[in-house]
Amino acid sequence: MTVFVALGDSTTAGYGDRMPDGSWRGWAPILAAALGARLHNLAGSGAQTSDVVTGQLPRALDLRPDIAAVIAGTNDTLRSPFDPARVAANLDRTVAALRARGAEVLTIRLPDPGRMFGLPGPLARPLARRMRDLNAAADLVAARHRTVHFDAAGHPWSYERRMWSVDRLHPSERGHRFLACSFYDLLAARLGPGIGARPDPAPSSPPPTRTAQAWWMATQGTRWMIRRSTDLLPGLLALAYTELRRPSDLAPGLPVPDHVA
């Protein structure tokens, strides 16, 4: 049986796609079921690229995956300081090790969270610059190691409200299914027919009602926003000041492959 190992943060852990029993599912189990693969989901909430390379990668290599997913970096962009060279090196080391074991590796260009948060321009612009640095690093790693690379940042569906859960940070069930279908299509193009039936893009559960969304904000969202305000907001304010004065430096430690423009 095909072994599929998923590495990353809360998106790959399934946040935003809650099952009837209260657990999280997400795009990785949906894709694994379509492929008939045995899934080992090593992703964890809050994981940064350093957590992936030091904590998740050794476990992934022991599982000898046929397919692996490496989707991380958003949490790096939401923290200060942000070092694009270090993030690029972490991604490169992770993907290189998995490719060396013979795995097909799934990578991604991530959408800008500032567009979903609705941040004001002085805060949104520096966050968007960080995301561009992250995606540029992911592009270089994908080109170097010939990964199955999905451009979620450039897909218009990535910014449709229905693709996101009430917290606007994690995909909704529809968004997770969109990711699963997108990776399936790219894998089918890479591996050829016979990899399994394409996942159903339609949600199996109705979206939360406005009452349910209001209840989430009242019971959980307020605490979530307070945590973000004490953690993320001061960093964004400092970032808005410093990055307007100094342009970001794109992954200086990661050489550009010859065939990448």
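The values are calculated or read from the model by the stated rules, or taken from the named source; none is laboratory data. These numbers come from a predicted model, not from an experiment. With ideal geometry, Cβ positions are generated from the backbone for all residues, glycine too; neighbour counts draw on all protein chains shown.
Residues of the range 41-53 that are of a type outside the set (A, V, I, L, M) and either in contact with a Phe, Trp or Tyr (Cβ under 7 Å, 6 or more places away or on another chain) or more than 20 Å from residue 102 (Cα to Cα) (or both): 44, 45, 46, 48, 49, 50, 51. Restricting to the range 120-148, name every residue that is of a type outside the set (S, T, N, Q), closer than 17 Å to residue 75 by Cβ and buried (at least 19 other Cβ atoms within 10 Å of the Cβ). The answer is 126, 127, 129, 130, 131, 133, 134, 137, 138. Among the residues examined, residue 76 does not qualify as at pLDDT 95 or above and either crowded, with 17+ Cβ neighbours inside 10 Å or touching a Lys or Arg at 6+ places or on another chain (Cβ under 6 Å) (or both).
Within the range 48-73, restricting attention to residues that are assigned to a loop (DSSP other than H, G, I, E, B) and among the aliphatic types (A, V, I, L, M), the residue that is surrounded by the most Cβ atoms within 10 Å (Cβ to Cβ) is 72.
When the range 208-229 is examined, which residues are found to be surrounded by 14 or more Cβ atoms within 10 Å (Cβ to Cβ) and modelled with pLDDT of 55 or more? Hit for the range 208-229 is 208, nothing else. Selection of first residues in the range 187-199 that are without any contact (Cβ under 8 Å) to a residue 40 or more places away in the chain and of second residues that are crowded, with 17+ Cβ neighbours inside 10 Å, restricted to Cβ pairs under 8 Å at least 6 apart or on distinct chains, gives the following pairs, ordered by first then second residue: 188/195.
The single residue among 16, 44, 22 that is of a type in the set (Gly, Ala, Ser), over 16 Å from the mean Cα position of the chain (by Cα) and assigned to a loop (DSSP other than H, G, I, E, B) turns out to be 22.
When the range 34-74 is filtered for residues that are within 20 Å of residue 135 (Cβ to Cβ) and out of contact with any helix residue (DSSP H, G or I) (no Cβ under 8 Å at 6 or more places or on another chain), only 51 remains. Just to be sure, is residue 5 within 23 Å of residue 151 (Cβ to Cβ), assigned to a strand (DSSP E or B) and out of contact with any Cys (no Cβ under 9 Å at 6 or more places or on another chain)? Taking the combined requirement at face value, the residue satisfies it.
Checked against (1) of a type in the set (Gly, Ala, Ser); (2) loosely packed, with under 12 Cβ neighbours inside 10 Å; (3) part of a helix (DSSP H, G or I); (4) at pLDDT 90 or above, residue 197 passes all but a single condition, namely (3). Across the range 162-194, the qualifying residues are those that are part of a loop (DSSP other than H, G, I, E, B) and either under 19 Å from residue 151 (Cβ atoms) or touching a helix residue (DSSP H, G or I) at 6+ places or on another chain (Cβ under 8 Å) (or both), and the one among them that is modelled with the highest pLDDT is 172.
Of all residues in the range 139-175, those being farther than 21 Å from residue 187 by Cβ and in contact with a His (Cβ under 9 Å, 6 or more places away or on another chain) number 2.
Examine the range 104-124 for a residue that is of a type in the set (Gly, Ala, Ser) and under 24 Å from residue 28 (Cβ atoms), and state whether such a residue exists. No, there is no match, as no residue in the range 104-124 is of a type in the set (Gly, Ala, Ser) and under 24 Å from residue 28 (Cβ atoms).
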